[in-house]
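Presented below is the structure to which this report refers.
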């Protein structure tokens, strides 16, 4: 099992724990009529909080390790994820201090608890939820390979001659394979049938234009291959793909 997939499953656990925390807290302090045993609810709430904190620390360690190993700037999604995580740390510290030390603020504890739970939903949505969505719940391994490449452990591919001229393939088999690769890895961000921007630019006529839409470099097969391996802006790297796949994608792009 991929560590990313495992982390995403733990994210689901954190959401469940957040729901349990809100339920037990509201039952303890939000109801006049007691339906459940308060002492048992308190024990559940405390154990639930401890488990939440342990999982939170594990995921935090994993994320920090990735940032250190990848040595790359955070994307917009990662930035939001980091802000949510830091906010939870601050709110948890305040909650504990209000319970243990500054008892005069004890009335604020329930508000902090609800905020922690709600921010957890945002935190998990920008990490585990995103991963499970783009990988079709762990079926598509492209995202894992991309992360492996970013952290300095790229999947080995055939040796490349830098600067070598690429001959565009025109045989139906290569084009069909390229279409399949495009539909599995590119269609979420790009449209093959138009030039309109989706998440990224549309690719209709991309190799018939003078320049590429983002890099503004000449629309040559070599520059497209370089964009796939060393992308600009927010596009993920596909340097882990074998040369054969890169050539097949270019063959398909040439038909658009």
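Each value in this text was obtained by applying a stated rule to the coordinates, not by laboratory testing. These figures come from a predicted structure and were not determined experimentally. Cβ placement follows ideal geometry from the backbone for every residue including glycine, while neighbour counts extend to all protein chains displayed.
Observations on the structure shown:
- Taking the C-alpha atoms only, the angle from helix 38-70 to the longest principal axis of the chain is near 30 degrees.
- Within region 25-122, all pairs of alpha-carbon atoms sorted by distance into 10 Å bins from zero give the percentages 13, 39, 29, 14, 5, 1.
- Largest mean-square fluctuation among 130, 52, 106, in a Gaussian network model of the chain whose springs join Cα atoms under 10 Å apart, belongs to 106.
- Rounded FRET efficiency, nearest 0.05, which uses the C-beta distance separating residue 207 from residue 9 and R0 of 45 Å: 0.65
- Angle in degrees between helix 76-100 and the longest Cα principal axis of the chain, rounded to the nearest 10: 10
- For the residues 59, 101, 88, a GNM of the chain with alpha-carbon springs under 10 Å puts the largest fluctuation on 101.
- Label-to-label distance, nm, for residues given as residue 106 and residue 80 (7 Å Cα→Cβ offset): 3.8
- Modelled label reach - residue 165, point 7 Å along Cα→Cβ, region 215-241 residues with backbone N closer than 18 Å: 218-226
- Note on residue 140 and residue 121: the model spin-label points, each 7 Å out from Cα along the C-beta direction, lie 2.6 nm apart.
- Structural size metrics of the chain, computed from C-alpha coordinates, are Rg and Dmax of 24.1, 77 Å.
- By average C-beta atoms within 10 angstrom, highest first, the peptides 244-253, 211-220, 116-125: 244-253, 116-125, 211-220
- Distance (nanometres) between label positions extended 7 Å along Cα→Cβ at residue 173 and residue 38: 7.6
- Potential extension, residue 214-residue 60 segment - 0.36 nm per residue separation minus Cα distance: 52.1 nm
- Among 35, 43, 179, residue whose mean-square fluctuation peaks in a GNM of the chain (springs only between Cα atoms under 10 Å): 35
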